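Below is one structure; the comments refer to it alone.
The values are calculated or read from the model by the stated rules, or taken from the named source; none is laboratory data. This is a predicted model, so every value here is computed, not measured. Cβ placement follows ideal geometry from the backbone for every residue including glycine, while neighbour counts extend to all protein chains displayed. The protein model used for the area step is the full one, side chains on, heavy atoms only, and it has no ligands, DNA or RNA in it. Shrake-Rupley method; radii C 1.70, N 1.55, O 1.52, S 1.80 Å.
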Amino acid sequence: LLDALDSVCRMPSFVRTGLLLLLSLVIFSGMSYLWHSRFSKEDKFEAPMKKWSPITGQVKPLASCNCSAMAHDLAGHIPTANRADIQKRRAEEYKKHQARTGSILNTLLLAASNSPLQYPIQGFTVRPLVPTLIPGLALNSAQRSSYKVSLNVTKGVLRLGSTSKAESVEGGGKNLLILEKMNLAELNKLLANVTYTSTVYHIHTGDLVHFSFEHHEAVFPIVIRRPTVPVLFDMGTNIRDQVTVTTKTFLRYKELKVLIRSLRQFYKDVVLIVADDSFTPEKITEENVLQYIMPGGQGWFAGRTLAVSQVTTKYFLWVDDDFLFTDKTKIEDLVEVMEATPELDVVGASVNGSEFYFSIDYEEGDGVYGGCLQRKSKVKIRSLPNYPQCSIVDGVVNFFLARTDAVNRVRFDPKLKRVAHSEFFMDGLGQLMVASCGHVSIGHQSKMAMAEYQRFRNPGNAEVQYKLQLHYYKNHLKCIHYG
C-alpha cells in the first residue's frame, strides 16, 4: 500500500487529479446504488406518503345565478300576501324533485395515478336484488409477505361466488368484504369471484364501491337498473304509416277546411287529428279526419296534449289550423332527417319560407332562489351533421315533426291556455334534442278578421302574470328573459 501511495505521489499533478476524480465517481455511484436498493421496494418507499382517498362530490358548490337587466324577476310577480307560503311550498317540492331525480351516479370521481387496483370504471350494470359478479377486479402489486384488500358498498352486500377458507375472508354477505392472501395469484382468484347484490329495490339507481389496498383507494360506480322493454313503431311502406298530422282549432272552421283541402292535395290518406275546444262545435265529416271535441275554451296546450295522445304513428306533424300545404311541404324530407339521426326528437321547418328557432341559456342557481333562464331567438347551437340545411337548436316554430313517444314524455302543460309555445321546449330542455331545417316549408293563410276569435286570441295581462308565476313555481326559476 505504501509503495502504491509513493507511486501516486511521483505521478504528474494532472494525472493525480484525474485519478482522484475517478475515485470520487466510483464512491458516489456505490452509495447511490445502496440507497436505491434500500428504498426502491414499494412498501419501503411509499410508507411515509400521506394516505390519499379519491375526491367525490362537486368541484364547486352551486352559486346563485345572475339575471340580466331585461329579465323578469319572477318573485316580484307573486302576490305579496301569498309569497311566503308559496316560497315555502316551492322549496319543499324542489327538495322532493331533487330526491327523485338525483342519483349517486352523478357523483364526481377522480382516479388516482399509479394505482395497483384494477376495477370496472364504466358499464357495470346489475338488476335490483340479483347477485352479479363484479368484472375485472384485480390487484397488481410488487411482492409482499401478504396482500389484503377491502371492498365497501352502501346499498348492497358483497359475497364470494365460491367457498373460501374462513381465514381469507371477512364480512361475506355484508356491505364490507375483506380479503387477505399470502399469494397474489390466490388473492386475484378471490377477487374474480366477488359478487354484488343490491338490497335496495329501485328501478334505476346506483351504488359506489370503495376498493382499498394499503394507502390506495379507488371508487367505482355500479348502475342498478331494471331493463326496459322496447316500444317500437312499424314504419310500414308509406307516409300514412309513418306520420299523423295534428292540429288544434278554436272557432276557425273556415281556415281549418282550407287546411284540410291543401293537405289532401298532396297527401290523400294521411290521418289528421283535430282537437276542437270551440264553444259551439261544428262537425267535420272529412275522410281520415279524427275530430276530438273538448269542453269550450280549454286552451292551446290542452288541445295539443289531447291531439298528440291519440297519435298511433311513430311521428306526428304539428300544424296550425290556418296553415297551408304547398309543393314545398315535403313531410318525407323531415322523416328522412329524423330516421338518419335517431337521437333527434323534434325537427322544425319554415313557415312561408321563414324559420323561427331559438336557443336557451339556463343556470340552475343555488337551489334556494332558483335558476336563471334566457331564450335567445335566431341563435343556433351548431349545424346538424350530414344535413347542412339543418341546425341544432332548443326550440322551433309551430310547424314541426316530432317523435310521438318523446313528446308524450314531456307533454304540453294544460295550465297554459293562450300564452304558450316556447314553454314546451323549456320544459323539455335536456330531454328533447331539437333541430330546425330550412329546406321544408308550409304556407300561411291570409289573416281573417273575426272579432270573437280575436277577443280570445289576444291574452290580457292576467294571463301573462299567471305564466310568469307558473315559471317561478313549476320551473323553480328566479328570473326569465324572452329574447
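Taking a straight Cα-Cα cut-off under 20 Å and skipping sequence neighbours fewer than 8 places away in the same chain, the aspartates and glutamates within cross-link reach of Lys415 are Glu93, Asp276, Asp277, Asp320, Glu423, Asp427, Glu463.
Which value in Å is the Kirkwood Rh of the stretch 78-205 over different Cα pairs?
Working: mean 1/r = 0.0566 Å⁻¹.
Value: 17.7 Å, from the Cα pair sum.
Translational D (Stokes-Einstein, µm²/s) of the stretch 239-347 at 25 °C and 0.890 mPa s when Rh comes from the Kirkwood sum over C-alpha pairs? Diffusion coefficient, whole number: 171 µm²/s.
What ratio of Cα Rg to 2.2 N^0.38 Å holds for the stretch 400-444? Spell out each step's value before the answer.
Numbers: Rg = 12.1 Å, N = 45, 2.2 N^0.38 = 9.3 Å.
Scaled against compact globular proteins, the figure is 1.30.
Rounded to 0.05, the FRET efficiency of the Ser64 and Lys88 pair, given R0 = 22 Å and the Cβ-Cβ distance, is 0.70.
With viscosity set to 0.890 mPa s and temperature to 25 °C, compute the Stokes-Einstein D of the stretch 94-163, Rh being the Kirkwood radius across alpha carbon pairs; µm²/s, no decimals.
Details: Rh = 15.6 Å.
The Stokes-Einstein estimate is 157 µm²/s.
Rolling a 1.4 Å probe over the protein heavy atoms leaves Cys67 with an accessible area of roughly 60 Å².
In the stretch 214-302, the C-alpha radius of gyration followed by the widest Cα-Cα span (Dmax) gives 23.1, 80 angstrom. Checked against a 27 Å cut-off, the cross-linked pairs Lys95/Lys378; Lys328/Lys380; Lys248/Lys314; Lys248/Lys467; Lys314/Lys478 give Cα-Cα distances beyond that limit for Lys95/Lys378; Lys314/Lys478.
Quick check: at a probe of 1.4 Å, how many percent of the accessible area of the stretch 112-266 sits on carbon and sulfur atoms? The partial results should precede the final answer.
Working: 4200 of 8040 Å².
C and S atoms contribute 52 percent here.
Seen from all sides and averaged, what is the projected area of the convex hull of the Cα atoms in the stretch 337-483, in nm²? Each step should come with its number before you reach the end.
Values: hull surface 40.3 nm².
With every direction weighted equally, the projected area is 10.1 nm².
Prolate is the label for the stretch 206-245. Its Cα gyration tensor axes, ordered a ≥ b ≥ c, give a/c of at least 1.5 and a/b above b/c.
Counting Lys and Arg as +1 and Asp and Glu as -1 over every other residue whose Cβ lies under 9 Å from the Cβ of Tyr473, the net charge comes to +2. Descending by average beta-carbon neighbour count within 10 Å, the peptides 71-84, 212-225, 96-109 line up as 212-225, 71-84, 96-109, the highest first.
May I ask for the net charge around Ile442, where only other residues with Cβ less than 13 Å from the Cβ of Ile442 are counted and Lys, Arg are +1 while Asp, Glu are -1?
-4
On a per residue basis, the stretch 327-477 carries 47 Å² of accessible surface, using protein heavy atoms and a 1.4 Å probe.
Near Asp413, within a Cβ-to-Cβ distance under 11 Å, what is the net charge of the other residues, with Lys and Arg +1 and Asp and Glu -1?
On the way: positive: Arg304, Arg411, Lys415, Lys417, Lys467, Lys474; negative: Glu423, Asp427.
Within the 11 Å Cβ shell, the charges total +4.
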